[in-house]
Every structure is written in C-alpha cells, then in structure tokens.
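Take a look at the structure below.
The values are calculated or read from the model by the stated rules, or taken from the named source; none is laboratory data. As the structure is a computational prediction, the values presented were derived from the model and not from experiment. A quick note on method: Cβ atoms are made from the backbone with ideal geometry, for glycine too, and the neighbour counts reach across all protein chains shown.
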C-alpha cells in the first residue's frame, strides 16, 4: 500500500531511519510545509498517510480520493483529524497508545514542580536583569488530584507518590485495580492542591473543565494539562487565573496549536507553557515511529 509521511521534520527523519528495518515497506517522506488547500494534491495516489501534526478536516478529506488509511502519531487524532468525516469516506484512522507514557508522566511532574516553585518566572526575570527570589510551594504532603487514571495517570501517580504527594483520582469508568484512592469529581476538585488532566479527547470530554467545574477548584491550586488542550475551556481558565481560583497553570497542550504569540496566556506570569512536548523524548519517538511502521506493514500484508 503506497504510503506517505505528510509532515516529517528534520528531527523525526533520522529517528524514522533508525526505526526502519530492511524488510519494512517504503514510506515516502515529505518535509515541505504544505498549505491545507494543497494537501489533497500531496496525498493523491497514496492509499495511506502518516500524520504527526497536520490538520485533516472534512473539506480536505473529501478531496483525498485515494486515501484509505491515516496513521496518526499519537492518541489524540480528534485534535487534528475529522474522524467522523474520515469514517464516512471509508478512511480508517489508526492511533498509537502507550509509546510515551513515561515521557508524558515525567513532563507532567516537571510542570508541577515548575509551577510550584516559579521556575519559569524566575528564569525570565533573571534573563531580563531582575533578581527576584520567589517563595514556592513545597509538594511533599500536598494532595494531587488526577482526572483520568489510565496508563499515563497511573505513571504520574507512581512518580508523585515517590516525592511525597498524596494522590487521589477520578476516572470516567469504574476501576477495580486503582492504585490510589478514587473519589467523586467534585470531591477531587475541592480537595486537590494540584489537579492534573489525563483524559482522552472525544465528544464527551471536549470542554470537560468548563467554567462551572473550574469554579469548584480549591482556591490557589495548581492546574496541569499534558493531555489535550480542548479538554479545558481556555476562556474560563483565564477567568479562573484572574480571580486567583487557580494560582498557576502548567500547560503543554492548547485548543489551537501552535499557540499564537499574542494569546492572552502568553502574557501571564501565572502560566508556564511548553510546546506540546510531553511525549517528546528520543526513546518515546523511536517507539512511536516503530509502531507506526508496524501498522503500515500490517496494511501491506
């Protein structure tokens, strides 16, 4: 099955080469930036495409006559691809789970610590010539509330416990083997000193943390999101930050990416931002690309 990697990067290309094996099917690599209107022409003649960060909405998909499979590099395909439109056109969307659970969990902990100790704010101040020593929040003995207790949430729980955090969690479906105390969502929002999002994005979870739920947070808490930007109402988040309901937010994902340089979040000292990098380690990338290749192999069998 003829396959193209539509948005490979200089960083991913050598890792793709390392992940490949001699008997793997060929994958055409495109590193050229392509406007949305030009995507159908790029994909024309290919039955499968590998996608990292390219948006494939319905108007693009309807002009991809040959396409039958999309291999999305990650789990959050709905953030970039109109999955419903793809299904209607007979295009199967393949996602990849579990390749970077440890990487995302470590990044989550890093954002928690940065938020708690004002790391990014002090770094910016020193670079600007201001020596400002900020009082931080010691994490040991605080309560971490995990919204979602899948593989990443469980790894965050394990790492958090090792640094002295007490961990509670809420999960959308019942769990018989939860490694931490499960509580009702409202209880978690009211008790947690730090709240971390670990839900998948779908129609049921889009906008999950809205104004009403943010209003139930413990005043002065830290909020971390390394899951999907669309889980969080960004306008309501800005209001909660302005009101002091949230003392600091650590965000790796956003409703629209890349984040616009004039977005209100970029002007707040009470926000620490990273560029959707939670999964981005060499170990995780190699695993991700290898598993994408295995999916492509399966399509050719």
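Numbers at a glance
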| quantity | calculated |
| --- | --- |
| Residue that is closer than 20 Å to residue 209 by Cα, in the same structural domain as residue 227 (by TED's automatic domain parsing) and either in a loop (DSSP other than H, G, I, E, B) or modelled with pLDDT of 95 or more (or both), where the choices are 164, 145, 136, 141 | 145 |
| Filtered residues of region 235-286 (kept if crowded, with 16+ Cβ neighbours inside 10 Å and assigned to a helix (DSSP H, G or I)) | 236, 237, 238, 240, 241, 265, 284, 285 |
| Unmet criterion (only one of (1) surrounded by fewer than 17 Cβ atoms within 10 Å (Cβ to Cβ); (2) on the phi < 0 side of the Ramachandran plot; (3) without any contact (Cβ under 8 Å) to a residue 60 or more places away in the chain) for residue 164 | (2) |
| Test: residue in region 210-222 that is under 19 Å from residue 167 (Cβ atoms) and in a strand (DSSP E or B) | yes |
| Qualifying residue in region 73-83 (condition: in contact with a strand residue (DSSP E or B) (Cβ under 9 Å, 6 or more places away or on another chain), modelled with pLDDT of 95 or more and within 24 Å of residue 140 (Cβ to Cβ)) | no |
| Those strands (runs of 3 or more DSSP E) lying entirely in region 21-130 with at least 3 residues crowded, with 19+ Cβ neighbours inside 10 Å | 48-51, 69-72 |
